[in-house]
Amino acid sequence: MPPEPGPRPVSPPVSRPVSPSGPGLASWPASSGPVSPPGPPAGGEPPSGLRPPRHPVDGRAIGWWTGQALVLVAPPVLVLLLLGLLIPPARFWLLLPALVIAVPGLVYTLVMPRVRHRVHRWEITDDAVYTASGWIWHKWRVAPMSRIQTVDTVRGPIQQIFGLAGVTVTTASAAGAIKINGIDRVLAAELAERLTARTQAVPEDAA
């Protein structure tokens with residue numbers, strides 16, 4: 001007779017991870033590797049303070065900044081040229097500094113306004129005022145509504161020529177006021193009115 005088979009070895013039970021579940025508790029990831037932090041929701045946007053403000057300044061601001069640059073650069077160049085024509089013995093020594101001022105001044109006049117127009121942006125939400133400004137050094141500012149003290153509109157002589165204005169928002173910050181410059185004068189008046197009404201409705205914590 002063939003020998004009777006002995007008892008078969010029993011395999012140890014295989015433990016399987018159990019995904020916790022319950023209200024507000026998500027399933028664990030299937031992989032055991034490191035888990036990347038979740039990104040922003042699909043189609044969503046980060047808060048205003050983490051991105052550039054939405055609205056660019058008016059296109060006429062390029063002409064305004066160009067006019068400002070000409071007012072700064074043109075007078076000394078014209079004076080030196082005139083003196084060089086009137087004083088022949090000193091002509092070289094007068095025309096040379098005029099050239100030294102005119103060349104970088106021309107580059108500044110042509111480049112600065114266009115770079116500023118790409119950088120300068122603004123946005124007003126129910127909670128804060130956001131601005132981005134500068135052309136070599138870029139500056140982002142945020143002013144919570146509860147910190148705003150005064151709101152003013154400003155129209156300089158060159159701004160008036162181009163139909164522009166600015167809004168100056170004074171806060172209780174040591175960094176100074178936040179300025180939205182180079183926008184349409186009608187829009188500037190509307191923004192000042194809206195900001196004033198909004199700040200009156202927000203509990204003030206400005207010192």
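The values are calculated or read from the model by the stated rules, or taken from the named source; none is laboratory data. Since we're looking at a predicted model, the values are computed, not measured. With ideal geometry, Cβ positions are generated from the backbone for all residues, glycine too; neighbour counts draw on all protein chains shown. These area figures cover heavy atoms from the full protein model, side chains too; ligands, DNA and RNA do not enter into them. Shrake-Rupley method; radii C 1.70, N 1.55, O 1.52, S 1.80 Å.
Ordered by 1.4 Å accessible area with all protein chains kept, 62, 148 run largest first as 62, 148.
In this view, the solvent-accessible surface of residue 141, computed with a 1.4 Å probe and all protein chains in place, comes to about 40 Å². Using a probe radius of 1.4 angstrom, the carbon and sulfur fraction of the accessible surface of segment 113-163 is 53%. With a Förster radius of 30 Å applied to the C-beta separation of residue 68 and residue 126, the computed FRET efficiency comes to 0.35. Label-to-label distance for residue 86 and residue 190 is 5.1 nm, based on points extended 7 Å past Cα in the beta-carbon direction.
Here the spin labels are modelled as points 7 Å beyond Cα on the Cα-Cβ line, and at residue 108 and residue 154 they lie 1.9 nm apart.
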